[in-house]
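Participant: My questions will all concern the structure given below.
The values are calculated or read from the model by the stated rules, or taken from the named source; none is laboratory data. As the structure is a prediction and not an experimental result, all values here were calculated from the model. Positions of Cβ are generated from backbone atoms using ideal geometry, with glycine treated the same way; all protein chains shown enter the neighbour counts. Just so you know, the surface numbers come from the protein's heavy atoms only, side chains and all, with ligands and any DNA or RNA stripped out. Shrake-Rupley method; radii C 1.70, N 1.55, O 1.52, S 1.80 Å.
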Amino acid sequence: MRPYIIISSTMTVDGKIAARDSFSELSCKYDKTRQHMLRAQVDAVVIGARTARVDNPSLVLKYYKGKNPIRVIITNSGDLDPGLKIFNVPPPTVVYTKNLNDSLKSLTDKGVYVRTFSTMCDAMSDLYQTFSVRTVMVEGGGKLNWSLLKEECVDELRVTISPRIFGSGTSIFDGEGFPGYLSPVLKLQSSYICQCGEEIVIIYKRKIK
């Protein structure tokens, strides 16, 4: 068993979530509120290690009132700065790593849960079984999003399209790609123009095979 997994992201018209210089401020105030409303509705919010290092988010509610979800970082290397905002607990923080190293001990001393994982779906299943997480919001970078999609571990995709074009940078799904005939086909649930009048919000769900 694993949680229901929602990837939530804001991207440019050409599908980028960050420019080549790591600029990623794409959301209007209404989009930020939507993101935090979703955070308040899920049990856990997940990011990758690069997002943690570059953006240094706290992942707590700011634009909407509610209960803060469990915060989760996925890292292969385990190379994380204990001074990152996400490690100020509460709310609870969980690190999934493939490499247990000495630097992670300082995190456990701060009350952070450190777990090992083999695949993304393995980490999601552990969240379900160990922390009773039933719904997950992924605010990942392109590599995390790709890894979850590749493992068929995504149930819903919520995308806001910002009126920018980067031309290069990080794609919303940043991986080796699928052969065209094997690429996932999603089912459109809804689409509408944001209150700002400049962005489009699209919600897709996974098609059940």
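Participant: Hey, among the residues in the range 80-106 that are touching a Leu at 6+ places or on another chain (Cβ under 9 Å) and among the hydrophobic types (A, V, I, L, M, F, W, C), which one's farthest from residue 58 (Cα to Cα)?
Facilitator: 104
Participant: For residue 123, work out the one condition from (1) in contact (Cβ under 8 Å) with a residue 60 or more places away in the chain; (2) buried (at least 17 other Cβ atoms within 10 Å of the Cβ); (3) closer than 19 Å to residue 6 by Cβ; (4) in contact with a strand residue (DSSP E or B) (Cβ under 8 Å, 6 or more places away or on another chain) it doesn't fulfil.
Facilitator: All conditions pass for residue 123, except number (1).
Participant: I need a count of the residues in the range 71-122 that are more than 17 Å from residue 53 (Cα to Cα), among the aromatic types (Phe, Trp, Tyr) and touching a Phe, Trp or Tyr at 6+ places or on another chain (Cβ under 6 Å).
Facilitator: Final tally of qualifying residues: 1.
Participant: Take the residues in the range 171-199 that are open to solvent by 60 Å² or more (accessible area, probe 1.4 Å) and among the charged types (D, E, K, R), then tell me which one is farthest from residue 155 (Cα to Cα).
Facilitator: Of everything passing the filter in the range 171-199, 198 is farthest from residue 155 (Cα to Cα).
Participant: Being open to solvent by 30 Å² or more (accessible area, probe 1.4 Å), aromatic (Phe, Trp, Tyr), more than 15 Å from the chain's Cα centre (by Cα) and under 21 Å from residue 135 (Cα atoms) narrows it down to one of 64, 4, so name that one.
Facilitator: 64
Participant: What number of residues in the range 7-30 are of a type in the set (Asp, Glu) and surrounded by 21 or more Cβ atoms within 10 Å (Cβ to Cβ)?
Facilitator: So the answer is 0.
Participant: Let me confirm something: among 31, 14, which residue is touching a Cys at 6+ places or on another chain (Cβ under 7 Å), closer than 28 Å to residue 166 by Cα and of a type in the set (Asp, Glu)?
Facilitator: Criteria check complete, one pass: 31.
Residue-by-condition table, conditions (1) surrounded by 14 or more Cβ atoms within 10 Å (Cβ to Cβ); (2) hydroxyl-bearing (Ser, Thr, Tyr); (3) touching a Pro at 6+ places or on another chain (Cβ under 6 Å):
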| position | (1), (2), (3) |
| --- | --- |
| 81 | no, no, no |
| 109 | no, no, no |
| 113 | yes, yes, no |
| 117 | yes, no, no |
| 130 | no, yes, no |
| 135 | yes, yes, yes |
| 163 | no, no, no |
